[in-house]
Amino acid sequence: MDKQILIVEDEKDCAELLRYHLQKENYQTVVARNGEEAIDAVQCYRLDAVLLDVMLPELSGWEVCRLLRESSKGKCLPIIMLTALSDEESRVKGLSLGADDYLSKPYSMKELLLKVRKHLDRQDAVRQFSARAQEQDTALQYMIHEMRNAMTVIGGYSGVALKKEDPRRYLKPIHVAAVHAESLLNDASLLSKLEKGGSSLPMETMDIVDLVKDVADTFHDGANKKRREIVIMNFRPCQVRVNRTAARQVLVNLLSNAGKYSPECGRIWVYFDEHPYSVDVSIKDEGCGIRQEELPRIFEKYYRAAGSEQVKGAGLGLFIVHLLAESMGGKITVMSDQGAGSTFTVSFVKAEEMALDSGRRGSVKAEQW
C-alpha cells in the first residue's frame, strides 16, 4: 500500500504514536508540527489524507482546514480533525470548514484507522469514477474528430451526386467513407485504450499504395472544395502490416490537414520511400509551414501551432496520427519551414516476407503516377 498520510500534531508523543500505528498498517507518513508546516507539506508531497489536530500553536486547525480547502492540492484531500474539544459546536465548526470527519480525544486507535481506511476507499472510488468519465469523454472527442472527416466526404460527394444526371461514379467514395465511419463506431473506445497502453491493434497485410490511392480519391471532387490537386509520386506495390482502420485514419488526417493548410488550387504531394524493413509515406503541402520552435510539440494532444487559429480544429488530428502510427509499430515525423509548407512522413512496417526480400535486393524507385 503506497498511501501517504499527513499527521498535523504539535505534541511529539501523540504524533509518534499516530505514526507508529499508521506505519503498522503500511501507510507512509509525513509529520507537521504546526499549521504552516502542514500547508507546506500539502504543496510538497503527494498526500492521500490528513489527520489534523485542532489545538495548534499560532495557526489553529480550523484555519489550516479552511486554507487547505481553498488550495488546489488540498481541496479534495480527506481531512479528519482530531481534538480534545468534544462539544457539538466544535464538531459542527470543523465540518462546516470542510473537514470530512471528526474524532474527539482520547480516541480509539482502531476507530481512527477504520475512519482513515473508509475515507481512502471513498477517495479511490471517486478517482476511478473520474477516470472512467474522462476516458469516455476522450473517446467521444476522438470519435467526433474522426467522424467529422468521414461526414465531410459523404456530404461532399452526395452533394455533387445530387447535381449530376449520372451519380453512380460518386457512390464508391460515399460507400468507402460510410464503411470507415462504421469501423470507427465499432472501435469507439479504441483510441482512449491505446493512449493508456491497455490495448493492441489487430494487424493485417495489405498494399499501402492501394490504401493511399483509395484515401486520396476521397479528397477529389466532392470533398475537395478548393480544387487542390493530390499528386502521388514514385510508387510501386508494397505489402505492409497495418490495422486497416487505423492506417486509413492516419492518412485521412494527414491529407485533411494538408488540404486545410494548402492554398486554393495548390498541390499536395505524396511520396513513397522504400527501406529494407519499412515504407515511408510522405505528404507535403504548400501551406504556411510551422515555426521550428513549435515542431517538438506538434504531436501533443490539443496543441495547435501559431497560425492555425483560422482553421477549425481541436488539436487532436496529429496526436491521433502519432498514437496510431506507434501502435502499429511505425512512427511519424515532420519537417517544415515557415512559409514553405510542411512534410509529414509516416513509416509503416513491411510485411515480413517483403522485408526479407527487400533487405536482400535493396530498395527500388518507381515511376510517377
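Data overview
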item: Members of the stretch 1-28 found to be of a type in the set (S, T, N, Q), closer than 21 Å to SER108 by Cβ and touching a strand residue (DSSP E or B) at 6+ places or on another chain (Cβ under 8 Å), listed by number; result: GLN23
item: Residue under evaluation CYS76, criteria (1) farther than 19 Å from GLU11 by Cβ; (2) at pLDDT below 90; (3) crowded, with 20+ Cβ neighbours inside 10 Å, criterion not met; result: (3)
item: Set ALA41, ALA32: member being on the phi < 0 side of the Ramachandran plot, in contact with a helix residue (DSSP H, G or I) (Cβ under 9 Å, 6 or more places away or on another chain) and either touching a residue at least 12 places away in the same chain (Cβ under 8 Å) or not hydroxyl-bearing (Ser, Thr, Tyr) (or both); result: ALA32
item: Total residues in the stretch 7-23, condition free of Cβ contacts under 8 Å to residues at least 60 places away in the same chain and not in a helix (DSSP H, G or I); result: 4
item: From ASP285, ASP273, residue being crowded, with 22+ Cβ neighbours inside 10 Å and over 18 Å from ASP214 (Cβ atoms); result: ASP285
item: From VAL31, VAL64, residue being within 20 Å of ASP2 (Cβ to Cβ), touching a strand residue (DSSP E or B) at 6+ places or on another chain (Cβ under 8 Å) and not in a loop (DSSP other than H, G, I, E, B); result: VAL31
item: Residue within the stretch 15-34 that is in contact with a Gly (Cβ under 7 Å, 6 or more places away or on another chain) and of a type outside the set (D, E, K, R) present; result: no
item: Within the stretch 225-258, tally of residues that are within 22 Å of the chain's Cα centre (by Cα) and assigned to a loop (DSSP other than H, G, I, E, B); result: 1
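The values are calculated or read from the model by the stated rules, or taken from the named source; none is laboratory data. Keep in mind the model is a prediction, meaning the values are calculated, not measured. Cβ coordinates were reconstructed from backbone atoms using ideal geometry, including for glycine residues, and neighbour counts include every protein chain displayed.
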